[in-house]
1. Given +1 on the Cβ of Lys and Arg, -1 on the Cβ of Asp and Glu, and no further charges, what dipole in debye does segment A:86-236 carry about its Cα centre, rounded to the nearest 20?
2. May I ask which residue of A:181, B:48, A:150 lies farthest towards the positive end of the charge dipole of the protein assembly as shown, with charges of +1 (Lys, Arg) and -1 (Asp, Glu) on Cβ and the Cα centre as origin?
3. Explain nothing, just the number: dipole magnitude of segment A:63-120 about its Cα centre with +1 on each Lys and Arg Cβ and -1 on each Asp and Glu Cβ, in debye rounded to the nearest 20.
4. Exposed loop GluC sites (Glu not before Pro) only (DSSP loop, at most 13 other Cβ atoms within 10 Å): please give the longest stretch of chain B free of them, not including the sites.
5. Output the Kirkwood hydrodynamic radius of segment B:21-162, Cα pairs only, in Å rounded to one decimal.
6. Listing A:64, A:148, B:127 from the residue with the fewest other Cβ atoms within 10 Å to the one with the most, what is the order?
7. Among B:115, A:75, A:199, which residue has its Cα positioned farthest towards the positive end of the charge dipole of the protein assembly as shown, with +1 placed on the Cβ of Lys and Arg, -1 on the Cβ of Asp and Glu, and the dipole taken about the Cα centre?
8. Mind listing the phi-derived Karplus ³J(HN,Hα) values for segment B:89-101, rounded to whole Hz, using 6.51, -1.76 and 1.60 with θ = phi - 60°, and x for any glycine or proline?
Amino acid sequence: MSLIYPRESLKAHPLNASPEYKSTLKRAPAQPLILLPHTLSETTGPVFGHVAVNETDTDLTRQHAGEPLGERIIVTGRVLDEDGRPVPHTLVEIWQANAAGRYVHVRDQHPAPLDPNFTGAGRALTDAQGRYRFVTVKPGAYPWRNHHNAWRPAHIHFSLFGPSFLSRVITQMYFPGDPLFRYDPIFQSITDENARNRLVSRFDIETTEPEWALAYQFDIVLRGRNATPLEEPHDH
Amino acid sequence: MTTETKLTTETKPGLTPSQTIGPFFAYALTPRAYGGSELATEQVAAEGVAGERIRIEGTVFDGDGVPVGDAMIETWQADPQGRFHAAGNAGFTGFGRAETNTEGGFFFETVKPGALQGADGTQQAPHLSVSVFARGVLVRLATRIYFSDEPGNASDPILALVPAGRRDTLIAQRGADGVFRFDIRLQGEGETVFFEA
């Protein structure tokens, strides 16, 4: 199997020059990007199949002596390529704030409580069908200083590798119906509404566990398409 | 049209868009200070891996020349024979990951990669592929690290795509101490060349 990486798909991404998100002002390159041909350096990438992912890496509620506070949730999904085929045995890294909207990170100054029973970091490998599964608590929204009264909608950070340097992506998963979407310049930096909505997970009643946890589904589509795509349908 | 092709076309999913790594990734992605297990570090090649051992050091700066103390840098490279995923090359994954310190600094210790085939029979000079992630960076910035002591740079097909006046931003300079210096300027004067990969 050999993959190609059409550049057209990159239109789904935000522009780094997104001035409503103030941190971009001094960090977005001013010069145009230079088109890089896809050589072996780009079409290969690290493989982490050997990384031991144990149960507490995928269950963020069991990494400490006690249970974290908050709404327990199950997050599942599939990692797919642009043809909709599963990306098996690929690494998924996640991190998030706790239920109060506070990160463990030393530089997070939000005056909301840390939870001694929650770190908020997880890791999983997709199975042969590209599926992953985490158990965690729903992260809280939190304020930031981008503009007056700025709040980030609740989100979980996702980091994925896929098959090559070209498929590498870091993104954020959001929760359906969040009233903060319209005010968030990071979410809104994705100008294509359809692409933006692909970052919103789906409430998933099928995966909920009665009297235990709610569930959300979040599929992730990485760059890469079969080199010999199926014939497009056309009228005769 | 057949049902099969119709389904394939209609279910073709769109790419998941990128978002910023944000300022608070360290406890998950570079968690040494938090006691977490590290996926990869700035040590790309373990002791004993054959090849010329090198150290690359640099600082990430923003458009005002202020050090960027919350970036994550990842590197990907071939081994000294120009191979990726070479079997039997224990202690070498080719993948490095480092967060910048509060002064914007980072380093990698590795072995120098070999030359690589490029397109159409050309040869690429030794280089590392680099991803830069940071708060304020919505989409990973892709660049390359070449080496100042490689004569092959003059005929490298990728460097040839870069305006001559900006090529130096992709070339790590070997200092008197043998360390290669590679600063990353996100914006403004001396802005590093970034690629659409």
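1. Working: 15 positive and 16 negative charges, 137 e Å.
The dipole magnitude comes to about 660 debye.
2. With unit charges placed on the Cβ atoms, the residue in question is A:150.
3. 140
4. Free of exposed loop sites, the longest segment is B:104-188.
5. Values: mean 1/r = 0.0619 Å⁻¹.
That comes to 16.1 Å for segment B:21-162.
6. A:148, A:64, B:127
7. My answer, from the dipole projection, is A:199.
8. 9, 4, x, 9, 9, x, 10, x, 8, 8, 9, 6, 7
Computed from the coordinates by the stated procedures, all read-outs in this text should not be read as laboratory data. Keep in mind that what you see is a predicted model, and the values were worked out from it rather than measured. Cβ atoms come from the backbone with ideal geometry, glycine included; neighbour counts cover every protein chain shown.
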